[in-house]
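For reference, the structure discussed in these notes is given below.
The values are calculated or read from the model by the stated rules, or taken from the named source; none is laboratory data. Keep in mind the model is a prediction, meaning the values are calculated, not measured. Using ideal geometry, Cβ is built from the backbone for each residue, glycine included, and neighbour counts are taken over all protein chains shown. Protein only, heavy atoms only, side chains kept; ligands, DNA and RNA dropped before computing areas. Shrake-Rupley method; radii C 1.70, N 1.55, O 1.52, S 1.80 Å.
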2 protein chains.
Amino acid sequence: MTDEPHKPAKRPLTLRDVSEASGVSEMTVSRVLRNRGDVSDSTRARVLTAAKELGYVPNKIAGALASQRVNLVAVIIPSLGNMVFPQVLTAISEVLDQTPLQPVVGVTNYLPEREEKVLYEMLSWRPSGVIIAGLEHSDASKAMLRGAGIPVVEIMDTDGTPIDSMVGISHRRAGRMMAEAIMKAGYRKIAFLGTKMPLDHRARKRFEGFTEALAKKGLEIVDQEFYDGGSSLAKGREMTARVLERSPEVDFVYYSNDKIGVGGLLHCLDAGIDVPGRLGLAGFNNISLLDGFSKRLATMDSGREEIGRRAAEIIAARVEAGSDEMAGERIELSPTISRGDTLRARPAGGDYPE
Amino acid sequence: MTDEPHKPAKRPLTLRDVSEASGVSEMTVSRVLRNRGDVSDSTRARVLTAAKELGYVPNKIAGALASQRVNLVAVIIPSLGNMVFPQVLTAISEVLDQTPLQPVVGVTNYLPEREEKVLYEMLSWRPSGVIIAGLEHSDASKAMLRGAGIPVVEIMDTDGTPIDSMVGISHRRAGRMMAEAIMKAGYRKIAFLGTKMPLDHRARKRFEGFTEALAKKGLEIVDQEFYDGGSSLAKGREMTARVLERSPEVDFVYYSNDKIGVGGLLHCLDAGIDVPGRLGLAGFNNISLLDGFSKRLATMDSGREEIGRRAAEIIAARVEAGSDEMAGERIELSPTISRGDTLRARPAGGDYPE
DNA sequence: CCCCGGCATGTTACCGGTATCTGCCTTGGT
DNA sequence: ACCAAGGCAGATACCGGTAACATGCCGGGG
């Protein structure tokens with residue numbers, strides 16, 4: 001009466017259903033499905049057939065509870081809108097795909113309270129490891145991470161003290177490097193256009209490193225402007241126009257990311273400004289936003305694929321082995337400048353008089 | 001001996017630890033932590049203090065197993081590299097944020113076998129619902145979805161029969177609409193540039209609708225080119241150059257997405273081609289890739305925010321109520337054309353002879 | 001011919017919570 | 001002063017698997 005002939009899925013299937021269908025114990029079915037322990041070929045075949053026929057899907061909830069093992073890795077990032085993070089994620093997935101581990105993504109929107117909440121949710125699933133962007137977390141978040149007793153890798157940034165391991169670049173150094181390259185190229189009147197500072201610590205650190213390097217040579221930012229809300233070409237465009245109008249002497253604009261940087265570049269092209277002669281531009285992150293464009297923006301690559309890969313490798317290694325070595329590993333990668341077509345290599349020679 | 005004074009997290013905490021610390025039963029702690037059932041204020045306070053002090057994080061694995069409820073919604077998409085999907089995801093998250101449900105993302109890379117695997121993994125966590133892109137799935141995948149006994153919403157596409165509910169647009173219609181708009185504007189020699197066809201069913205359907213509408217007016221695609229691998233501006237650029245060289249008579253190029261479309265636009269600008277007079281261009285998806293750019297590409301918006309929102313709402317409603325009504329709901333949204341600056345509104349008047 | 005060892009399978013005791021029922025004690029109506 | 005009702009807390013039985021141990025059966029060496 002209640003049992004339909006084939007599919008209609010009344011009550012979810014359990015090991016018991018498969019065991020009854022194949023005439024062996026639940027334990028044996030479990031062994032077959034996990035490929036663990038010795039099972040005769042004939043039994044194995046019988047069980048697999050029955051499982052397939054029923055359409056049985058194991059219940060990981062029960063499995064995880066019983067085995068005290070959860071093959072999930074929490075990956076916590078600020079945003080999916082900035083292509084950098086999907087790219088890091090892709091690199092992480094590629095590594096984890098070769099292990100039994102599986103990434104689970106949480107997004108914080110750059111808000112510490114969201115981060116805390118997301119982290120709490122994630123940890124309540126008892127993942128095998130955590131990969132989390134940034135070194136700045138609320139005290140509660142830090143306490144949770146420390147207390148979780150699982151490997152934690154903080155990524156993207158190395159300017160600070162990690163809870164456990166970290167993989168990333170020094171954004172202060174990145175800012176300094178860019179400042180030095182700019183000054184070496186002979187630019188002197190430098191402006192900065194940046195994002196919602198208080199929450200994006202890495203952008204802030206780049207800015208700090210940048211101004212610090214300028215100061216060392218006795219220079220100061222000539223003009224600057226900050227905004228909040230998401231980055232967009234339009235925003236970069238209008239901000240650039242405003243800055244150039246307000247401070248016509250500016251000969252270089254450093255942007256906190258490529259998106260607004262490209263916006264600025266578009267403005268310059270439209271306005272007929274000589275780039276990189278009269279004005280130089282640089283962004284950050286080497287987003288191949290305009291890879292087919294005639295002029296490539298100077299930028300800096302943070303090695304996000306490698307960051308993702310290394311982070312995932314650390315987690316994988318530590319989960320496999322019993323959490324011993326590799327704990328507290330600190331990997332600082334070197335950002336690489338790409339001059340593109342908006343940052344000249346040396347002080348303007350003949351084509352731009354003094 | 002084994003117990004450190006404060007934090008060091010030996011063995012993961014359980015309800016029992018909190019119950020001992022606060023002198024009540026585990027059951028009461030559970031009630032307090034879930035805010036369910038009657039507990040006196042004094043007890044509640046005592047328990048909360050103890051929990052906070054210990055840094056207790058509930059174990060959802062155990063909770064889910066016991067309560068037979070898992071507040072996860074599986075969201076399965078083909079890629080994170082195409083910004084459309086992060087955007088759909090964001091819309092889904094916004095809706096689910098106001099419910100106890102939580103999205104969990106799986107990425108298939110457009111591969112049916114990956115989809116099958118990802119789906120299997122997801123279902124083994126016994127989620128409360130599934131949101132999955134597309135209507136094309138392997139038989140095994142369909143069987144799993146049907147057998148899971150949970151609400152399933154297939155999104156993005158409505159050209160086909162859903163397993164349960166669906167929310168999206170008809171890509172055939174989208175292709176037709178664009179073809180009609182193009183023909184009405186007087187273009188006649190139309191070329192098509194597309195992505196890896198066999199796997200991207202929606203792009204294929206747009207193409208089919210497109211050619212069908214052309215055929216109805218006695219027109220045929222003049223030239224076409226397909227490629228595989230990810231979309232990029234550079235690819236759109238070079239493909240466009242190739243097509244125009246091979247078939248100089250072409251007066252319109254329809255792209256399967258905005259990214260290669262914008263690449264084509266860049267080529268035309270560089271080559272000094274009169275757009276949209278001599279040549280018209282259109283893409284798909286209204287990616288605000290170049291929102292700050294001087295010329296906006298004609299494109300079509302599929303309403304991805306609304307798709308995500310409606311899909312999440314269906315799941316939320318059905319999980320909340322007992323899976324009754326709203327089952328099998330089919331929502332077809334209307335794509336909207338945006339002409340941008342690369343598709344003229346009417347046949348060329350004086351500025352382009354006949 | 002018996003015993004031992006190893007393979008193939010079954011049995012038992014959890015994993016860490018939650019649903020449900022029970023029981024105590026207080027409170028208020030009459 | 002007594003009893004019903006309700007507030008509050010505890011006891012118990014699972015949820016669906018898995019670890020660890022137990023068992024049965026078989027063949028081979030002594």
Given (1) open to solvent by less than 10 Å² (accessible area, probe 1.4 Å); (2) touching a residue at least 40 places away in the same chain (Cβ under 8 Å); (3) within 14 Å of another protein chain (Cβ to nearest Cβ), index of the condition residue B:192 fails: (3)
Any hit, the range B:98-109, residues being within 16 Å of DNA strand C (Cβ to nearest atom) and small (Gly, Ala, Ser): no
Residue ID - farthest from DNA strand D (Cβ to nearest atom), chosen from residues in the range A:28-77 that are closer than 30 Å to residue A:149 by Cα and of a type in the set (Gly, Ala, Ser): A:74
Per-region count, the range B:17-44, residues small (Gly, Ala, Ser), more than 12 Å from DNA strand C (Cβ to nearest atom) and touching a helix residue (DSSP H, G or I) at 6+ places or on another chain (Cβ under 9 Å): 3
Residue A:105 being assigned to a strand (DSSP E or B) and within 20 Å of residue A:312 (Cα to Cα): yes
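One line per residue, one yes/no per condition, for (1) over 19 Å from residue A:279 (Cβ atoms); (2) polar (S, T, N, Q); (3) surrounded by fewer than 24 Cβ atoms within 10 Å (Cβ to Cβ):
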site: A:168; (1), (2), (3): yes, no, no
site: A:174; (1), (2), (3): yes, no, no
site: A:199; (1), (2), (3): yes, no, yes
site: A:216; (1), (2), (3): yes, no, yes
site: A:220; (1), (2), (3): no, no, yes
site: A:229; (1), (2), (3): yes, no, yes
site: A:255; (1), (2), (3): no, no, no
Any hit, the range B:201-221, residues being in a strand (DSSP E or B) and of a type outside the set (Ser, Thr, Tyr): no
Residues of the range A:110-129 classified as touching a residue at least 12 places away in the same chain (Cβ under 8 Å) and more than 7 Å from every other protein chain (Cβ to nearest Cβ), total: 12
Of residues in the range A:264-284 being in a loop (DSSP other than H, G, I, E, B), open to solvent by 20 Å² or more (accessible area, probe 1.4 Å) and not acidic (Asp, Glu), the one nearest to residue A:181 (Cα to Cα): A:276
Qualifying residue in the range B:322-329 (condition: part of a loop (DSSP other than H, G, I, E, B), among the aliphatic types (A, V, I, L, M) and open to solvent by 50 Å² or more (accessible area, probe 1.4 Å)): yes
Evaluation of residue B:209 against (1) in the same structural domain as residue B:238 (by TED's automatic domain parsing); (2) in contact with a strand residue (DSSP E or B) (Cβ under 7 Å, 6 or more places away or on another chain); (3) of a type outside the set (D, E, K, R) (one fails), failing number: (2)
Candidate set: the range A:239-263, residues that are acidic (Asp, Glu) and not in a helix (DSSP H, G or I); chosen: the one farthest from the chain's Cα centre (by Cα): A:249
Output for the range A:311-327, where each listed residue is in contact with a helix residue (DSSP H, G or I) (Cβ under 9 Å, 6 or more places away or on another chain) and either of a type in the set (Gly, Ala, Ser) or in contact (Cβ under 8 Å) with a residue 40 or more places away in the chain (or both): A:311, A:312, A:313, A:315, A:316, A:326, A:327
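For every residue, the table says whether it meets (1) under 30 Å from residue A:314 (Cβ atoms); (2) touching a residue at least 12 places away in the same chain (Cβ under 8 Å); (3) away from chain B (no Cβ under 14 Å).
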residue: A:156; (1), (2), (3): yes, yes, yes
residue: A:162; (1), (2), (3): yes, yes, yes
residue: A:171; (1), (2), (3): yes, yes, yes
residue: A:208; (1), (2), (3): yes, yes, yes
residue: A:213; (1), (2), (3): no, yes, yes
residue: A:224; (1), (2), (3): no, yes, yes
residue: A:227; (1), (2), (3): no, yes, no
residue: A:232; (1), (2), (3): no, yes, no
Cβ-Cβ under 6 Å pairs, at least 6 apart or on other chains, the range B:85-109 side within 19 Å of residue B:152 (Cα to Cα) and outside the structural domain of residue B:129 (by TED's automatic domain parsing), far side open to solvent by 10 Å² or more (accessible area, probe 1.4 Å) and among the small types (Gly, Ala, Ser): none
When residues of the range B:294-317 are limited to those that are under 19 Å from residue B:343 (Cβ atoms) and open to solvent by 10 Å² or more (accessible area, probe 1.4 Å), the one farthest from the other protein chains (Cβ to nearest Cβ): B:301
Tally of residues being of a type outside the set (Lys, Arg), out of contact with any Gly (no Cβ under 7 Å at 6 or more places or on another chain) and within 13 Å of chain B (Cβ to nearest Cβ) across the range A:131-143: 3
Residue A:236 vs. criteria modelled with pLDDT under 95, open to solvent by less than 40 Å² (accessible area, probe 1.4 Å), assigned to a loop (DSSP other than H, G, I, E, B) and within 14 Å of chain B (Cβ to nearest Cβ): no
Cβ-Cβ under 7 Å pairs, at least 6 apart or on other chains, the range B:38-51 side away from chain A (no Cβ under 14 Å), far side within 9 Å of DNA strand D (Cβ to nearest atom) and open to solvent by 50 Å² or more (accessible area, probe 1.4 Å): B:39/B:31
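Residue-by-condition table, conditions (1) assigned by TED's automatic domain parsing to the domain that holds residue B:327; (2) at pLDDT below 95; (3) open to solvent by less than 40 Å² (accessible area, probe 1.4 Å); (4) of a type in the set (Phe, Trp, Tyr):
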| position | (1), (2), (3), (4) |
| --- | --- |
| B:130 | yes, no, yes, no |
| B:134 | yes, no, yes, no |
| B:153 | yes, no, yes, no |
| B:164 | yes, no, yes, no |
| B:177 | no, no, no, no |
| B:183 | no, no, yes, no |
| B:213 | no, no, yes, no |
Check on residue A:180, more than 14 Å from chain B (Cβ to nearest Cβ), part of a strand (DSSP E or B), out of contact with any Gly (no Cβ under 6 Å at 6 or more places or on another chain) and among the charged types (D, E, K, R): no
Residue list for the range A:60-81, filter: within 7 Å of chain B (Cβ to nearest Cβ) and either farther than 21 Å from residue B:119 by Cα or open to solvent by 30 Å² or more (accessible area, probe 1.4 Å) (or both): A:60, A:62, A:65, A:80, A:81
Any hit, the range A:47-59, residues being within 11 Å of DNA strand C (Cβ to nearest atom), open to solvent by less than 70 Å² (accessible area, probe 1.4 Å) and not in a strand (DSSP E or B): yes
Looking only at the range A:244-293, and only at residues there that are among the acidic types (Asp, Glu) and facing chain B (nearest Cβ under 9 Å), the one that is farthest from residue A:209 (Cα to Cα): A:270
Residue count for the range A:7-27, restricted to those that are more than 10 Å from DNA strand D (Cβ to nearest atom) and open to solvent by less than 60 Å² (accessible area, probe 1.4 Å): 3
